[in-house]
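What follows is one structure encoded as structure tokens, with my remarks underneath.
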Amino acid sequence: MTKLIIDGKEIEVHPGSTLLQACEEAGAEIPRFCYHNRLSIAGNCRMCLVELVGAPKPVASCAWAVSDCRPGPKGEPPQVRTRSPMVKKAREGVMEFLLINHPLDCPICDQGGECDLQDQAMAYGVDSSRFKENKRAVEDKYLGALVKTSMNRCIQCTRCVRFATEVAGVPELGATGRGEDMEITTYLEHAMRSELQGNVVDLCPVGALTSKPYAFAARPWELVKTESVDVMDAVGSAIRVDTRGREVMRILPRLNEDVNEEWISDKTRHVVDGFRVQRLDRPYVREGGRLRQASWSEAFAAIAAKLKGLNAARIGAIAGDLAAVEEMFALKDLLTRLGSKNMDCRQDGSALDPAWGRASYLFNPTIAGIEQADALLIVGSNPRREAAVLNARIRKRWRAGPMAVGLIGERVDLTYPYHYLGAGPDTLGELAAGRLDFADQMKRATRPMVLLGAGALARPDGAAIGSLAARAAIKLGAVKSGWNGFAVLHAAASRVGGLDIGFVPADGGLGADQMAAFGTLDALFLLGADEIEIAPGAFVVYIGSHGDRGAHRADVILPAATYTEKMGTYVNTEGRVQIGERAAFPPGEAREDWAVLRALSDVLGKRLPYDSLAQLRAAMIKAHPHLGHRDAIAPGDPSNVRKLAERGGSAESMPFAAAVQDFYLTNPIARASAVMAECSALAAGGMAMHAAE
């Protein structure tokens, strides 16, 4: 540790720290524009100047290492001053330079109220400038459907360039020209293609990059801010939902070092317009082949009349990818009271069973644990599409030091180099047997990981694939004392929670594929299940928020809430229990899913024993105690992975396919979003152009 005296206060810091980090540790506030603690150091803006006693001029604290500070003449620790007249004058000079060309259009800037330049100008700006020349003019750049540019405001901090290159791994932003002619742009001004591009808006300190879908929609002080959790994938990113009245205006990331750090995917951020369109706001009943509006009592009566006298074995339920644990628990309770064993939360046909043990379906090393891994095998997955933020974490680990990455499945761009090993189970079997060179790299690693994608499990031979992957993980040293590197990457936010509460067929019950087939059921409940085709014949009750595939097939529609309109528990792919808070209210007559099920149970004569969400949650936690520990992970038993490996089975030789083909259109909310549709079209065009190249 190195001793420093900062503003008269003696502290000890790591010698690898920068002066800026040391000053902040001492409690001093250092202004900055280009520095960001998750990006490389650029030293562009010079706003972070401090006085280092003995130095001839102020130094840029972001680029000056503590180890470079010389001790005093008598060996005393180096002294740093952050509030001296020299520092104040230097920062005021830097601010004056920055404002030479800035257009000062704060009244019409979307960054107003959240602008670093505004804040620092209040502290270090002056009321006049010594520079009378005309301000420079820069053409705005086209960056795609999500990022709006106003390049006259740009101060060339290069945060966006460094983020695209280092974090997103898609180096499509750069600088052209020198000095006053320097401009930030993309190659030939094409649309940005990263799934994380929206984060550059948060990083931009001056409003040069703002959100295009949110442009001129609201001011930050008008919005009510609600902390929640994302359900667009199974990562469970921490988000903040900003609302005005009953309307969700935008979604921003929250800091969570263990999950998403401070990034979110573009789908998480810009799916907002999907909350407003194609909404189900009243019940519907199908008569004569056509849906008509109905009252709640009419809809419930139609369901009760259909279920009356039905054999319980001919009734079933499928839970969708966005369902909260509470509503799945209530639906399971209702089905059990009706006498049915037919229920499934795996609408993709995934071969996972809670009876195999929790470690058999969790991302056991945890998302933060990726940074401890030193070798990675990806099986049947495209993390960039299935979990963009998690893929960025893998890239972060790859950039931190040597890390061997192998891929079995589709050959895709993962934003980091990898060894392509093969396309299907045959390659995985050879690797498990040690017949491939990459097996030696895995065995030499201290903490190797085997990442098994949902696409590899959602096959007829999914159980055999899971067993083969577990066997490979054990043979390659990924499961050992002190380290469980067997990681299942789910694509659905509801999957782990559904498996935790046992929302799967009981003995003799039917799975999702069987329930969807012709002639197997007389009545089927769809709890927001839109990713599965239901054959004609069954009477379908759809409980959901959007007029998507499930509603088109339904005989009775019961309107429900989206994840921003209800409180709910979600369990992410690593098994972390998280709570989503209600930020808005559902439209029209729509109600929270659990409340719909509670009211329906009364009409069916199978009353559920809870009248409030608190009572429902108490019953759920009593049955599954780990769900009561918020933001905690109940780890799986590594012996579960060994038992899974022993199950065996015959795997077919067909190649693996990733679970997500179109990143932007994976659920009903995203498919209702015009912004996501535009992003999907741009991505398809970009892939076509890339293929042509």
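The values are calculated or read from the model by the stated rules, or taken from the named source; none is laboratory data. No experiment lies behind these values; they were computed from the predicted model shown. Here the Cβ positions follow ideal geometry from the backbone for every residue, glycine too, while neighbour counts run over all protein chains shown. Just the protein is used for accessible areas: all its heavy atoms, side chains included, with ligands, DNA and RNA removed. Shrake-Rupley method; radii C 1.70, N 1.55, O 1.52, S 1.80 Å.
Observations, loosely collected:
- Put a dot 7 Å past the Cα of Trp221, heading toward its Cβ, do the same for Gln615, and the two dots end up 4.5 nm apart.
- When a 1.4 Å probe is rolled over the protein heavy atoms, the share of accessible surface on the chain that falls to carbon and sulfur comes to 51 percent.
- The stretch between Ser297 and Arg411 holds 35.8 nm of extra length on full extension. This uses 0.36 nm per residue minus the Cα-Cα distance.
- Label sites at Lys3 and Arg630, each approximated as a point 7 angstrom past Cα along Cα to Cβ, lie 4.4 nm apart.
- Fully extended contour minus Cα-Cα distance, from Glu533 to Arg240, at 0.36 nm per residue: 102.1 nm
- Estimated [θ] at 222 nm from DSSP helical runs (n ≥ 4, -39500 (n - 2.57)) normalised by residues in the chain, nearest 500: -7500 deg cm²/dmol
- Counting only heavy atoms of the protein chains and using a 1.4 Å probe, Arg395 has close to 20 Å² of accessible surface.
- Helix 593-603 vs. the chain, principal-axis angle (Cα, 0 to 90°, nearest 10): 20 degrees
- Which of Val389, Val277 is most accessible, then next, and so on - probe 1.4 Å: Val277, Val389
- Sparse-neighbourhood loop sites, trypsin sites (Lys or Arg not before Pro) in region 426-457 - DSSP loop, at most 10 other Cβ within 10 angstrom: Arg435
- Compared with the dominant Cα axis of the chain, that is its longest principal axis, helix 638-647 is turned about 50°.
- His14 paired with Asp522, simple spin-label distance in nm, labels 7 Å along Cα-to-beta-carbon: 6.7 nm
- Loop-located trypsin sites (Lys or Arg not before Pro) in region 107-172 whose Cβ has at most 14 other Cβ within 10 Å (DSSP): Arg130, Lys132, Lys135, Arg136
- Note on exposure: Trp483, Trp356 ranked by accessible area (1.4 Å probe, complete protein assembly) read Trp356, Trp483, with the most exposed listed first.
- Between region 561-587 and region 593-657, the Cα center-to-center distance that results, in Å: 15 Å
- For the chain, relative contact order (Cα pairs under 8 Å, six or more residues apart, normalised by length) works out to 15 percent.
- Distant-in-sequence amide H partners of Ala317 (H built 1.01 Å from N, under 5 Å): Met343, Asp344, Phe525
- Only beta bridges with both residues in the chain are counted; by DSSP, about 55 percent of them are antiparallel.
- Axis of helix 388-400 versus longest Cα principal axis of the chain: the two differ by about 50°, to the nearest ten degrees.
- Extension gain for Lys443-Arg83 works out to 124.2 nm (0.36 nm per residue, less the C-alpha to C-alpha distance).
- Here the dipole of the chain is about 680 debye; that uses its Cα centre as origin and unit charges on the Cβ of Lys and Arg (positive) and Asp and Glu (negative).
- For the set Asp548, Asp413, solvent exposure ranked by accessible area (probe 1.4 Å, protein chains only) runs largest to smallest as Asp413, Asp548.
- Solvent-accessible area per residue in the chain equals 40 Å², computed with a 1.4 angstrom probe and all protein chains kept.
- Rounded if a/c under 1.5, otherwise prolate or oblate - region 416-558, Cα gyration tensor axes: prolate
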